[in-house]
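Here is the structure we will look at.
What follows draws every value from the coordinates through simple rules; no lab data is involved. Please read all numbers here as calculations on a predicted model, not as lab measurements. Backbone-built Cβ (ideal geometry, glycine too); neighbour counts: all protein chains shown.
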Amino acid sequence: MTRSPLLRSFLPLCLPAVAVAQIPQFALTFSQPETTASGSGGTVLQNLRPNEIVTYDWLAGPCATVSAEKFVPRTCFHTMAGDENGDGLYWNPALFGTIDALCGRQLPAVAGTQNARTLFWSPSAAMGTTVSALPLRPGDVGHIVNLPGDGQVEYFMRQEQFNQALGLAPATPIDVDAIAFSPNYGVLFSLDADIAATTVCGPTFVRDGDILCVPGWAVTWTPDLRVGAVMPNSAAVVFTEAQIDALVVNAGVTDRFGACIPNAVDLESIEIDWSAPPPPPAFPCGGIAIPRPHLIFATETMTGGSLLTTVGGGTIYAGPCGPVGTPCPGGPTWGPQIGIRPASTTTGAASFVNAITDARVCRYVLEPQQHVLPYFGAGGPPTTIDVGSPFLWNFVFIEIAPPVVPVSLTVAPAFSALCFPDLYTPSLTFWGAAPAPFGFGSIATPAIPPLWSGKLLFQSLAFGGSGLELSTPTVIDVQ
Ligand SMILES: [Ca+2]
Ligand SMILES: [Ca+2]
Ligand SMILES: [Ca+2]
């Protein structure tokens, strides 16, 4: 029996997506612009920005060429959000400021992958409300959905609910800086600044290095496991900043200069560490016991991109491909342990891990080399769109978009069950094929004729994964 040449050509391409769905991964953000360890085939996808989500990934099989690769480019956020600030452009490199906290939707255990519609994030700068009826502020954790129309914010947990749990007035401006959750433990989080609150223990001075918990019993979950309501004054400090300081010291990890890190300063990212039985509950005051899990975490001091865990009194986190950080005093934490390049031959990468969540993903992305073509009626040359794909053959479609947000139609799980779930319709036209034999490729856009201005939307399709998969979308503003 021989398979047809067509099937044989597609069969190997299905394997990476399947493997991706079975090996634990993380989605994360970095605090500073960084470069992927792999170089991403020389494409613009190698440039990671603090408002883009990346995935701890590998390009040549599990743990071969470990690299933090771009998974949600800012251009995808721009397309989902539309002209949120009303300046006529989709392009907004300042959107969200930084993404400083991440968590994922609870998914079926089998074949569940996270994507740009299922992950929730917290910005450090508010998104505009020209398109969305609801804001996405530094104190919110939410994402952008296409119901009832494109560009709308849906919350995992909103600022008012954090404030209620903290005994603060609902409009108090806060900045959620780290988040993790489970239905049993509830919502674990940290804030970006110290604040005088009223927790389950009464008046409490909450520090930016504390980890708080709104216990499971204080949360009313929506059917899809978002936070519907919280009990007032229910938050509790479950790891104090002093305890986090001690965990950091015990872990014995170096920073980007090779110095042993002596403290936490600001707690920056958390995810539940299910690899060990939970520690004893926290007793924040009196006889009140708050169950808590072990946590993978990063602090502001952990430059070079290290990760620690609360297991064992504080240890360097053993990632899927080795320890994520350099033991003290073993030289700098360089960056390749988390998949990014060092700053120089003597200094590690500048970033700390600003947000992290468990996430199996299918990484299939587009990013143009130029986001805005400022031709002003004169016309001009094409630009190039770079493609990051697990599939060899990528069929790139183009749409001349109206000046408003293009319409997206959710086609998953019937189609694109693993990658981006929505097809941007209604008038996609086949533009060209972009092969990505080593995971990356590129394709030129049309040249712009004189007197034409508007928006060009691109999205790529591939046969593989669940059958037919879609890339993240991108929009180019032509002025
Ligand atoms: Ca805009
Ligand atoms: Ca925030
Ligand atoms: Ca953070």
Note down the magnitude of the dipole of the range 343-479 about its Cα centre, charges +1 on Lys and Arg C-beta and -1 on Asp and Glu C-beta and zero elsewhere, to the nearest 20 debye.
-> 60 debye
Using r as the Cβ-Cβ distance of THR172 and ASN250, and R0 as 41 Å, what FRET efficiency do you calculate, to the nearest 0.05?
-> 0.75
What full-extension length gain, to one decimal in nm, is calculated for PHE415 and THR198 as 0.36 nm per residue of separation minus the Cα-Cα distance?
-> 73.3 nm
What's the FRET efficiency of ALA447 with GLN106 using the Cβ-Cβ distance as r and R₀ = 41 Å, to the nearest 0.05?
-> 0.30
Which angle between 0 and 90 degrees, to the nearest 10, do you get for helix 241-251 versus the longest principal axis of the chain when only C-alpha atoms count?
-> 70 degrees
Counting Lys +1, Arg +1, Asp -1, Glu -1, what net charge surrounds THR346 among other residues with beta carbon under 14 Å of its beta carbon?
-> +1
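Once fully extended, how much extra length lies between PHE430 and VAL404, figured as 0.36 nm per residue of separation less the alpha-carbon to alpha-carbon distance?
So the extension gain works out to 7.2 nm.
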Where labels lie 7 Å past Cα in the beta-carbon direction, separation of ALA276 and LEU147 in nm | 4.1 nm
Name the residue farthest towards the positive end of the dipole of the range 133-201 from the options GLY186, VAL153, ALA133, assuming +1 on Cβ of Lys and Arg, -1 on Cβ of Asp and Glu, about the Cα centre.
-> GLY186
Taking Cα centroids, how far is the range 311-390 from the range 214-255 in Å?
-> 26 Å
Points 7 angstrom from Cα along the Cβ direction at GLU154 and PHE283: gap in nanometres?
-> 4.3 nm
What is the sum of charges around THR425, taking Lys and Arg as +1, Asp and Glu as -1, for the other residues whose C-beta is under 13 Å from the C-beta of THR425?
-> -3
If the chain between ALA242 and THR65 were fully extended at 0.36 nm per residue, the gain over the current Cα-Cα distance would be 60.0 nm
Given the peptides 440-452, 46-58, arrange them by the average over their residues of other C-beta atoms within 10 Å, most packed first.
-> 46-58, 440-452
If each residue's Cβ is checked for other Cβ atoms within 10 Å, how do TYR424, TYR185 rank with the fewest at the top?
-> TYR185, TYR424
Give me the distance in nm between label points sitting 7 Å out from Cα along the Cα-to-Cβ direction at ASP224 and LEU134, one decimal.
-> 1.0 nm
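Quick one: work out the % antiparallel among DSSP beta bridges in the chain, nearest 5.
Roughly 95 percent of the DSSP beta bridges within the chain come out antiparallel.
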Please give the net charge around THR383, taking every other residue with its beta carbon less than 13 angstrom from that of THR383, where Lys and Arg add +1 and Asp and Glu add -1.
-> -3
Within the range 355-479, what percent of beta bridges assigned by DSSP are antiparallel, to the nearest 5?
-> 95 percent
29 Å tail of the calculated P(r), the chain, as % of Cα pairs = 48 percent
List the extent of the Cα atoms of the range 365-478 along each of their three principal axes, largest first, rounded to whole Å.
-> 44, 30, 18
